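*Asks:* Structure provided below as structure tokens; questions to follow.
The values are calculated or read from the model by the stated rules, or taken from the named source; none is laboratory data. On a predicted model such as this, the values are computed, not experimentally measured, just so you know. For neighbour counting, all protein chains shown are included, and Cβ atoms are generated from backbone atoms with ideal geometry for every residue, glycine included. Areas reflect the complete protein model, heavy atoms only, side chains present, ligands, DNA and RNA absent. Shrake-Rupley method; radii C 1.70, N 1.55, O 1.52, S 1.80 Å.
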Amino acid sequence: MNPARQQLHKVATVKECLILAAGQGSRIASLSGGAPKPLVALFGAPLLEHILLSSQAAGVEKFVIVVGHRADALRRWFAERPLGGLSVTLVENADYHKANGVSALAARKWLENPFLLLMADHIFEPKTAKALLEQTIGEDEVILGVDYNIDRIFDLEDATKVRVQGEDILDIGKDLVQYNALDTGMFLCGPSLFERLESAKKNGNCSLSDGMRRLCQEGKLKAFDVGDGRWQDVDTPEAFAYTERIFERDFLENPILQRFANV
């Protein structure tokens with residue numbers, strides 16, 4: 001990132017995180033056994049637990065989690081599961097059948113400082129989240145973790161593509177024809193993101209990508225290269241099996257995950 005821009009917009013280390021966990025997860029229903037998607041077990045621990053622990057290892061201290069589909073099951077899981085004293089606020093989105101931008105907007109009043117934005121079904125390495133949290137974010141900006149290693153992506157057709165020039169993201173969307181990187185689902189955001197999402201609403205609905213495109217138009221969506229950091233969107237049974245393969249060593253070597261897993 002440009003050193004001059006860093007000095008102009010230096011902020012304190014980000015400690016807050018918004019996790020979107022409201023969707024129905026219909027494409028992975030064959031593995032869920034009726035449970036909400038964030039509670040599908042990977043290495044014996046729910047996907048959401050992996051997200052929480054990896055984020056905590058990266059330095060996050062406060063979580064705001066938007067729930068919707070089977071919110072009752074998620075509330076019960078949090079009530080019954082010891083998670084090392086994590087600070088968690090659950091926010092319910094009754095319109096969870098709408099696009100994910102609506103879920104993000106549901107958390108607006110709980111986030112007044114820069115925050116990490118994650119998906120409840122994107123597995124990642126803590127070192128990647130830590131590096132993103134340490135980036136300098138400018139006023140009204142969002143920084144998206146992007147992966148330039150397109151050839152290693154498991155399901156390219158389903159991935160959200162981005163077109164990057166320098167540190168600026170020029171366009172974002174699943175159907176882009178011209179692109180040179182992929183959206184990892186990890187964003188460093190300022191609260192101004194919510195204003196862009198509101199302005200992008202059509203008929204009461206908007207996706208995150210809709211809001212990001214508004215930022216693109218203003219030159220305020222920036223790219224952070226995740227390098228060799230591994231990540232995976234666990235959206236289908238096939239993607240789940242792939243995630244097991246690429247993260248197996250992490251699980252075997254991580255005593256925190258072993259302690260919480262039901263294996």
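*Asks:* When DSSP assigns beta bridges and you keep just the ones with both residues in the chain, what percent turn out antiparallel, to the nearest 5?
*Replies:* Around 50 percent antiparallel, to the nearest 5.
*Asks:* Quote the relative contact order of segment 28-118 in percent (integer), defining contacts as alpha-carbon pairs under 8 Å separated by 6+ residues.
*Replies:* Rounded, it is 24 percent for segment 28-118.
*Asks:* With only Lys, Arg, Asp and Glu charged, each at its Cβ (+1 for the first two, -1 for the last two), find how big the charge dipole of the chain is about the Cα centre; round to the nearest 20 debye.
*Replies:* That gives a dipole near 560 debye.
*Asks:* Using a Gaussian network for the chain with springs between C-alpha atoms less than 10 Å apart, which of these wobbles most: ARG108, ARG163, ARG152?
*Replies:* The residue that fluctuates most here is ARG152.
*Asks:* Relative contact order (percent) for the chain, with alpha-carbon contacts under 8 angstrom and 6 or more residues of separation?
*Replies:* Dividing the mean separation by the residue count of the chain yields 24 percent.
*Asks:* Relative to the present Cα-Cα distance, how much length would full extension add between GLU253 and ASP175 at 0.36 nm per residue of separation?
*Replies:* Contour length minus Cα-Cα distance gives 24.3 nm.
*Asks:* Taking every alpha carbon pair in segment 181-220, what does the distance histogram look like in 10 angstrom bins from 0, in percent?
*Replies:* Taking all Cα pairs of segment 181-220, the binned fractions are 27, 58, 14, 0 percent.
*Asks:* Could you tell me which of rounded, prolate or oblate describes segment 80-225, using a ≥ b ≥ c as the square roots of the eigenvalues of the alpha-carbon gyration tensor, with rounded for a/c under 1.5 and, failing that, prolate when a/b is larger than b/c and oblate otherwise?
*Replies:* It comes out rounded by the Cα gyration axes.
*Asks:* At q = 0.14, 0.16 Å⁻¹, what log₁₀ I(q)/I(0) does the chain have when each alpha carbon counts as one equal point scatterer in the Debye sum?
*Replies:* Debye intensities relative to I(0), on a log10 scale: -0.96, -1.30.
*Asks:* Report the full-extension gain for the segment GLU80 to GLU139: residue separation times 0.36 nm, less the Cα-Cα distance, to one decimal in nm.
*Replies:* Difference between extended and current length: 17.3 nm.
*Asks:* Can I ask one more? Report, in cubic angstrom per residue, the convex hull volume of the C-alpha atoms of segment 63-117.
*Replies:* Convex hull volume per residue, Cα atoms: 82 Å³.
*Asks:* Using a probe of 1.4 angstrom, how much of the accessible area of segment 1-132 is carbon and sulfur, in percent?
*Replies:* 49
*Asks:* Which percent of the accessible area of segment 156-224 is formed by carbon and sulfur heavy atoms (probe 1.4 angstrom)?
*Replies:* 41
*Asks:* Between LEU118, LEU132, LEU252, find the one with the highest GNM mean-square fluctuation for the chain; connect C-alpha pairs within less than 10 Å.
*Replies:* LEU252
*Asks:* Further question: What share of Cα pairs, in percent, lie more than 17 angstrom apart in segment 133-212?
*Replies:* The calculated P(r) of segment 133-212 puts 49 percent of pairs beyond 17 Å.
*Asks:* Mean-square fluctuation check for the chain, GNM, Cα pairs under 10 Å: which of LEU86, LEU170, LEU105 is largest?
*Replies:* Residue with maximal mean-square fluctuation among LEU86, LEU170, LEU105: LEU86.
*Asks:* Non-local amide H neighbours of PHE224 (under 5 Å, H modeled in plane, Pro and chain starts lacking H): which ones?
*Replies:* LEU144, GLY145, VAL146
*Asks:* Positive end of the dipole of segment 92-217, charges at C-beta (+1 Lys, Arg; -1 Asp, Glu), about the Cα centre: which of LEU116, LEU197, LEU208 has its Cα farthest in that direction?
*Replies:* So the residue we want is LEU197.
*Asks:* Okay, next question. Using the Kirkwood radius over C-alpha pairs as Rh, can you work out the diffusion coefficient of segment 155-263 via Stokes-Einstein at 4 °C, viscosity 1.567 mPa s, in µm² per second?
*Replies:* Approximately 80 µm²/s, per Stokes-Einstein.
*Asks:* Students often get this wrong, so check it: of LYS127/LYS201; LYS62/LYS201; LYS161/LYS220, which have C-alpha atoms separated by over 25 Å?
*Replies:* Beyond 25 Å between Cα atoms: LYS127/LYS201; LYS62/LYS201.
*Asks:* Under the Karplus relation 6.51 cos²θ - 1.76 cosθ + 1.60, θ = phi - 60°, what is the ordered set of whole-Hz ³J(HN,Hα) values for segment 67-78, x standing for Gly and Pro?
*Replies:* Each residue's phi maps through the Karplus curve to give 10, x, 4, 6, 4, 4, 5, 5, 4, 5, 4, 5 Hz.
*Asks:* Could I ask something else about it? Could you tell me the relative contact order of segment 196-247? Use alpha-carbon pairs under 8 Å, at least six residues apart, and round to a whole percent.
*Replies:* Averaging sequence separation for qualifying contacts and normalising by length gives 21 percent for segment 196-247.
*Asks:* Hey, another quick one. Checking the table LYS15/LYS174; LYS109/LYS202; LYS98/LYS222; LYS130/LYS202 against a 28 Å threshold on Cα-Cα, which pairs fail?
*Replies:* Result: LYS15/LYS174; LYS130/LYS202 exceed 28 Å.
*Asks:* From the square roots a ≥ b ≥ c of the eigenvalues of the alpha-carbon gyration tensor of segment 82-150, which class results: rounded (a/c under 1.5), prolate (a/b over b/c), or oblate?
*Replies:* Rounded, since a/c falls under 1.5.
*Asks:* Before I look further, what does segment 36-81 give for accessible area per residue, probe 1.4 Å, in whole square angstrom?
*Replies:* For segment 36-81, the per-residue accessible area is 30 Å².
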